[in-house]
Amino acid sequence: MEENKEIRKILVIEDEHFIGELYTRALNKSGYEVKVIADGVEALKEAQTDYYDIILLDLMIPNLTGIELLDILRDKTKTPHLRAKVIITTNLEQREDVKTKIESQADGYIIKAELTPMELVEFLNKIKL
């Protein structure tokens with residue numbers, strides 16, 4: 001058993017309770033520490049603590065959209081010390097220009113409906129921090 005393998009900390013920004021539960025269960029089972037937040041404003045404050053290794057960011061969240069949140073996280077004047085990898089999670093088909101902008105700012109892009117919770121874990125396990 002690997003004793004010095006650090007537990008990866010994941011912030012799941014997701015307003016669909018069922019999806020948040022699925023991700024939490026699969027990620028906890030795989031050794032991740034998980035916190036789920038459904039509100040954009042609250043999630044931004046949590047993301048800016050720089051506690052997390054990976055942020056799973058849904059685009060459709062209340063009070064601050066995922067795109068707005070991503071813009072703030074990538075703005076060095078508003079979030080100077082973000083080391084977390086930001087992975088966009090969505091089920092929405094984006095216009096090509098919007099998708100290109102999002103992909104240029106994010107470290108990954110996942111269509112939720114195309115990925116089982118275990119496939120999500122496999123995807124996250126491959127991310128180099």
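The values are calculated or read from the model by the stated rules, or taken from the named source; none is laboratory data. The structure displayed is predicted, hence computed values, not measured ones. Here the Cβ positions follow ideal geometry from the backbone for every residue, glycine too, while neighbour counts run over all protein chains shown.
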- Look through segment 14-38, keep the residues that are part of a loop (DSSP other than H, G, I, E, B), charged (D, E, K, R) and within 13 Å of the chain's Cα centre (by Cα), and return whichever of them is farthest from L124 (Cα to Cα). D15
- Query: If a residue has to be surrounded by 15 or more Cβ atoms within 10 Å (Cβ to Cβ), over 30 Å from P80 (Cβ atoms) and not hydrophobic (A, V, I, L, M, F, W, C) to count, how many in segment 17-51 make the cut?
  - Reply: 1
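For segment 75-94, enumerate the residues that are among the charged types (D, E, K, R) and either over 24 Å from L120 (Cα atoms) or at pLDDT 95 or above (or both).
Our first condition is that a residue be among the charged types (D, E, K, R); within segment 75-94, this holds for 75-76, 78, 83, 85, 93.
Passing the criteria: D75, K76, K78, K85.
With the requirement that a residue be under 27 Å from T79 (Cβ atoms) and either basic (K, R) or exposed (fewer than 12 other Cβ atoms within 10 Å of the Cβ) (or both), what does segment 1-16 give you?
First, pick out the residues of segment 1-16 that are under 27 Å from T79 (Cβ atoms): 6-16.
Passing the criteria: E6, I7, R8, K9.
For segment 65-85, indicate whether the set of residues that are among the hydrophobic types (A, V, I, L, M, F, W, C), touching a helix residue (DSSP H, G or I) at 6+ places or on another chain (Cβ under 8 Å), closer than 22 Å to T116 by Cβ and surrounded by 18 or more Cβ atoms within 10 Å (Cβ to Cβ) is non-empty.
Keep residues of segment 65-85 that are among the hydrophobic types (A, V, I, L, M, F, W, C), which gives 67, 69-70, 72-73, 82, 84.
From what's left, touching a helix residue (DSSP H, G or I) at 6+ places or on another chain (Cβ under 8 Å): 67, 69-70, 72-73, 82, 84.
Now restrict to residues that are closer than 22 Å to T116 by Cβ: none.
Checked against the condition, which is being among the hydrophobic types (A, V, I, L, M, F, W, C), touching a helix residue (DSSP H, G or I) at 6+ places or on another chain (Cβ under 8 Å), closer than 22 Å to T116 by Cβ and surrounded by 18 or more Cβ atoms within 10 Å (Cβ to Cβ), segment 65-85 yields no hits at all.
Kindly state which helices (runs of 4 or more DSSP H) lie completely within segment 54-129 and contain at least 2 residues that are touching a residue at least 40 places away in the same chain (Cβ under 8 Å).
Working: elements: 66-74, 96-105, 117-125.
So the answer is 66-74, 117-125.
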